[in-house]
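Beneath this line is the structure, given in structure tokens, with notes to follow.
The values are calculated or read from the model by the stated rules, or taken from the named source; none is laboratory data. Remember, it's a predicted structure, so these values are computed and weren't measured experimentally. Backbone-built Cβ (ideal geometry, glycine too); neighbour counts: all protein chains shown.
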Amino acid sequence: MKIATPLLLICLTLVTQAQTPTDSLAQRGFAEVERIGEANARAFFVFTVGGRQYTVRHDGRGEITGPIFNKLRNFFLRLDGAARVDRLYSAEAGNDLLLAYQVTNGRSGWGYIARFDPSAPAFRWFASIPSMNVGPGLIEGNYVYVTGQDFLGKLDLQTGKYVWQQTDLKEYGPVFAQFALPEINGATVVFPEAGARARTLEVDKATGRILKGASSH
């Protein structure tokens, strides 16, 4: 019987490690980027992710600076008729950047989430958040949970397609104006309401079915 050499064992170990997904259920919350300037003026957002500094203007024009760039790299957020960006959140997804943001036309607001490759620079996908009061999203593994006023959703990070959406929350009480950062609880995800009422909705992660509604912390 042949005995594996130490070198062969090392190689087998490295191959096994390479084939085993790592950090598959890592959780990362989106960070809110503070707006600089008044909401109705020429506001902008400045933040740093992955050693790169980003500046996003109220009109959706973005700029990247960093040690790997000799000059500014530009990109443009989707506005679809809105006048300005008035809320922005950021998070990392591998080497990419995730942006969740709210736009307004002065009468109403809605949101988007986008996956951006800063090395291109180019967007891999955009997805609509069909609601105002966009809240901070939560990444778990290959999925991201997003919120808005009376809106809950789960997207696939690879495709930007919704796995499920919940858009009718009327039976669970008065309007959920805004949600705080979601929380994972085993096979469910808990969406806590932002503000004084502190209600929560507990949802099945796989199907989006609401299991418990309008309970308090």
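Worth pointing out:
- Residue within region 46-56 that is under 30 Å from THR188 (Cβ atoms) and either free of Cβ contacts under 8 Å to residues at least 24 places away in the same chain or out of contact with any Gly (no Cβ under 7 Å at 6 or more places or on another chain) (or both) present: yes
- Residue pairs meeting the criteria (Cβ under 8 Å; at least 6 apart or on separate chains; first at positive phi, in region 130-145; second surrounded by fewer than 24 Cβ atoms within 10 Å (Cβ to Cβ)): ASN133/GLN102; ASN133/GLY109; ASN133/GLN149; ASN133/ALA177; ASN133/GLN178; GLY141/SER24; GLY141/LEU25; GLY141/ALA26
- Some residue of region 174-192 being over 19 Å from the mean Cα position of the chain (by Cα) and under 12 Å from LEU152 (Cβ atoms): yes
- Residue in region 124-131 that is surrounded by fewer than 18 Cβ atoms within 10 Å (Cβ to Cβ) and not in a strand (DSSP E or B) present: yes
- Restricting the first member to region 57-78 and to residues that are farther than 13 Å from VAL46 by Cβ and of a type outside the set (A, V, I, L, M, F, W, C), and the second to residues that are modelled with pLDDT of 90 or more and in a loop (DSSP other than H, G, I, E, B), the beta-carbon pairs closer than 7 Å and six or more apart or on different chains are GLY60/LEU77; GLY60/LEU79.
- Residues that are in a loop (DSSP other than H, G, I, E, B), modelled with pLDDT under 95 and closer than 12 Å to GLY208 by Cβ occur at least once in region 150-167.
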